[in-house]
Amino acid sequence: MSKDVILETKNLVKEFKGFVAVSGVNLKVQRGHIHALIGPNGAGKTTVFNLLTKFLIPSSGHIFYQGEDITRLKAAQIARKGVIRSFQISATFPHLTVLENVRIGLQRELGTAFHFWRSESSLKGLTPRAMELLETVGLTDFAHHITVELPYGRKRALEIATTLAMDPQLMLLDEPTQGMGHEDVDRVTELIKTVSANRTVLMVEHNMGVVAKIADTISVLQRGQIIAEGPYELVSKDPQVLEAYMGSSEVELQGAH
């Protein structure tokens, strides 16, 4: 495995009672890149994500992270290695403040990640770093807001901040702009570009405008198989990709610049 490749799958397969959801996927994610996984509904994108983050066990094939075979490791084990995933639905603590959410993520560095009973004073040392992260995602002014009160786009920005708090080498983002208005999409797109500066991002994303703007490499899934891979300019003109998206989505693919 090349040092330039941070994550690789070899002949990855997942079957559910005879239905093949992922069929022989060979994926290489380059270190320091933003790599997008796209495809029509039912293509197997989320299943691949679940295999990579060990929420599902492959039926066959292998997953390598930094040259190590992690196929049989558990989700918590690969998280400790620096593979951190955000979810399609915002996964924050709604009744804590924005600052408190980020400090919980930072407890991993102290080795107290599950010590939720620790006193407020013991966590104050994490505040400066937490505020730095909030500045990175544009949430400094929201630090003392209760999370449930945040607009949807800001909640997704907070989720990225809490993911960054765990110091990931590889961030997996599941539909980071889903359900957002245009302004929030633009903000989160720029945020992903910013936070990718010193790490690798693998994202499932339906918005072709986002993918066209920030992805270095795109892998296109259809019926559980990769049918095309490369930069947007190449993938968006691939006949198999246009056929997979069919009709109206073809316009979206071609017009996403």
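Observations
- For segment 177-231, with +1 on Lys and Arg beta carbons and -1 on Asp and Glu, the positive-most of V185, M208, L221 along the dipole: L221
- C-alpha long axis of helix 127-136 to longest principal axis of the chain, angle in °: 40
- Each label was represented as a point 7 Å from its Cα along the Cα-to-Cβ direction; for H144 and A197 these points are 2.9 nm apart.
- Principal axis analysis of the Cα atoms in segment 12-88 yields extents of 32, 25, 23 Å, listed in decreasing size.
- The chain - percent of accessible surface contributed by carbon and sulfur, probe 1.4 Å: 52
- Pairs from K10/K74; K74/K124; K155/K213; K14/K54; K54/K193; K3/K74 whose Cα-Cα separation, in the structure shown, is over 20 Å: K74/K124; K155/K213; K54/K193; K3/K74
- Computed over the alpha-carbon pairs of segment 1-41, the distance histogram in 10 Å steps reads 25, 43, 25, 6 percent, short to long.
- With all protein chains kept in place, the per residue accessible area of the chain amounts to 48 square angstrom at a probe of 1.4 angstrom.
- 0 to 90° range, to nearest 10: angle between helix 182-195 axis and the chain longest Cα axis: 80
The values are calculated or read from the model by the stated rules, or taken from the named source; none is laboratory data. Predicted, not measured: the structure shown is a model, and the values here were computed from it. Neighbour counts are summed over all protein chains in view; Cβ atoms, including those assigned to glycine, are modelled from backbone coordinates with ideal geometry. Only protein heavy atoms, including side chains, enter the accessible area calculation; ligands, DNA and RNA are left aside. Shrake-Rupley method; radii C 1.70, N 1.55, O 1.52, S 1.80 Å.
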